[in-house]
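S.K.: What follows is a single structure, and I will ask about it in a moment.
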Amino acid sequence: MNTYSCETHINHALDVFVAEQGKFPIMEAVAEENKLSTKCSYCEDAALYVVRDE
């Protein structure tokens, strides 16, 4: 499960992951080369973070 998030929605993305998976996710910055083309899963802003399972 990969969820991409902007600065505004990162707390929501973390909360949803924990609620659905029952464990804490790995949170990483989106790679520089993907920042312009990767959108937030909750809005149209550019994603800064990816929340993922191991």
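Quick note: the coordinates plus some simple rules give every number you see, no bench work behind them. Values in this document were obtained by computation on a predicted structure and should not be read as measured data. Neighbour counts are summed over all protein chains in view; Cβ atoms, including those assigned to glycine, are modelled from backbone coordinates with ideal geometry.
S.K.: Please note which strands (runs of 3 or more DSSP E) are completely contained in the chain and include at least 3 residues that are surrounded by 10 or more Cβ atoms within 10 Å (Cβ to Cβ) and of a type in the set (Ser, Thr, Tyr).
M.R.: 2-5
S.K.: Evaluate region 13-20: report whether one residue or more is free of Cβ contacts under 8 Å to residues at least 60 places away in the same chain and in contact with a helix residue (DSSP H, G or I) (Cβ under 9 Å, 6 or more places away or on another chain).
M.R.: Taking every residue of region 13-20 in turn, none turns out to be free of Cβ contacts under 8 Å to residues at least 60 places away in the same chain and in contact with a helix residue (DSSP H, G or I) (Cβ under 9 Å, 6 or more places away or on another chain).
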